[in-house]
Amino acid sequence: MSISTKRGDDGTTGLFYGGRAKKSSLRIETVGAIDEAQAAIGVARAEVRGSDLDDELASLERGLWVLMGEVATAPRSRPKLVGGVTLVTSGMVDGLERRVHELEAAGAMPSEFVVPGQSRESAALDLARAIVRRAERKAVALGLEDGSLVVPYLNRLSDLCWLLARSCEQDHMTSRTGAVRTPLVKE
């Protein structure tokens, strides 16, 4: 089976569980923004390879597969979606929120405005956060079906990326100054 099917040459793409949509449709634009967010988290993951944050970011990337499955499904096929596999669940949103609260409690909240770029890792996470926010805006504009948790998930994911970036900045500053601190990233 080849990746080059030529079915998209007419300007459409296949939807999950059947049907086609224009590649310029808001649904496909939203899937594309989520795909970009996943790739950006992958760049951040490449910067932290081998650390505990590597596994956490891989998990976030997998969560975005679920979002893409839900968004890439026509409303009439929504009943076919499976929670945690192709449908965002409240547990997925709650998990992100718990992690946000852990980082806040550990002191990841800065007291002033942040200028991205303190380290490669934090810059990659800030870029991922900005792309997640774009995906969130597109998902809001798409007006997903009642009960969809795609927008809350993206909202929490953006918060988490921001806090993880701040944690990486703190780690970077600690390694430069030699100061000892309690790590904010799960160990």
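The values are calculated or read from the model by the stated rules, or taken from the named source; none is laboratory data. Remember, predicted model here, so these are calculated numbers, not experimental data. In this analysis, Cβ positions are derived from the backbone assuming ideal geometry, glycine residues included, and neighbour counts consider all displayed protein chains.
Within region 16-41, residues that are among the charged types (D, E, K, R) have Cβ atoms under 7 Å from residues that are assigned to a loop (DSSP other than H, G, I, E, B) in these pairs: LYS22/GLY11; LYS23/GLY11, counting only partners at least 6 apart in sequence or on another chain. Just one of (1) under 15 Å from the mean Cα position of the chain (by Cα); (2) surrounded by fewer than 20 Cβ atoms within 10 Å (Cβ to Cβ) fails for TRP162. It is (2). Restricting region 40-73 to residues that are at pLDDT 95 or above, of a type in the set (Gly, Ala, Ser) and within 22 Å of GLU169 (Cβ to Cβ) leaves a set whose member that is surrounded by the most Cβ atoms within 10 Å (Cβ to Cβ) is ALA44. Can you say whether THR89 is touching a Lys or Arg at 6+ places or on another chain (Cβ under 7 Å) and within 28 Å of GLY147 (Cβ to Cβ), as far as the supplied structure shows? Answer is no for this residue.
Of SER24, SER59, all but one fail to be out of contact with any Asp or Glu (no Cβ under 8 Å at 6 or more places or on another chain), over 24 Å from VAL93 (Cβ atoms) and among the hydroxyl-bearing types (Ser, Thr, Tyr); the exception is SER24.
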